[in-house]
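Taken together, the values in this text are just the output of simple stated rules run on the coordinates, not laboratory data. Since the structure is predicted, the reported quantities are computational estimates derived from the model, not experimental observations. Cβ coordinates were reconstructed from backbone atoms using ideal geometry, including for glycine residues, and neighbour counts include every protein chain displayed.
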């Protein structure tokens, strides 16, 4: 896939529809489908990340992508972190180098010589963070749950408009 730009929730919804995904009920199921589409595995692992610090990290390794999620996150928050990092992967967002996080990410120890790239972002008000949040919200809208009606639990437009 090539880098994409999704400036608003409408373009994110259109992008999600274009993927022609099967119904999914969890972020893990979505990762499996995206892995198949990209022919590149995406693994989700939990780790105790430093607080304060990122709740999720994308590690781009030679043969797979790893989404590291703060192990203290639970429920919908945990799923949203996975969806947010998955959005960064699909949009091919660049990250920054943060060597101080390498000791707390055991997943990096498995591939020290393999050129793993840690994708962290320090500016959470950037265009890429907004794009990842919107795409994560669009993915969340498509999650199916037999217990509730599908839908989004917060107003994306109000969140970014500051209302």
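Key figures for this structure:
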item	result
Extension gain (nm, one decimal) between residue 51 and residue 74, 0.36 nm per residue minus Cα-Cα	6.7 nm
Sorted by Cβ neighbour density within 10 Å, fewest at the top, the residues 60, 12	60, 12
Antiparallel DSSP beta bridges within segment 2-103, as percent of all bridges there, nearest 5	45 percent
Segment 1-64, Rg to Rh (Cα coordinates; Rh as Kirkwood inverse mean 1/r)	1.00
Average Cα contact separation per residue, segment 1-72, under 8 Å, 6 or more apart, as relative contact order %	24 percent
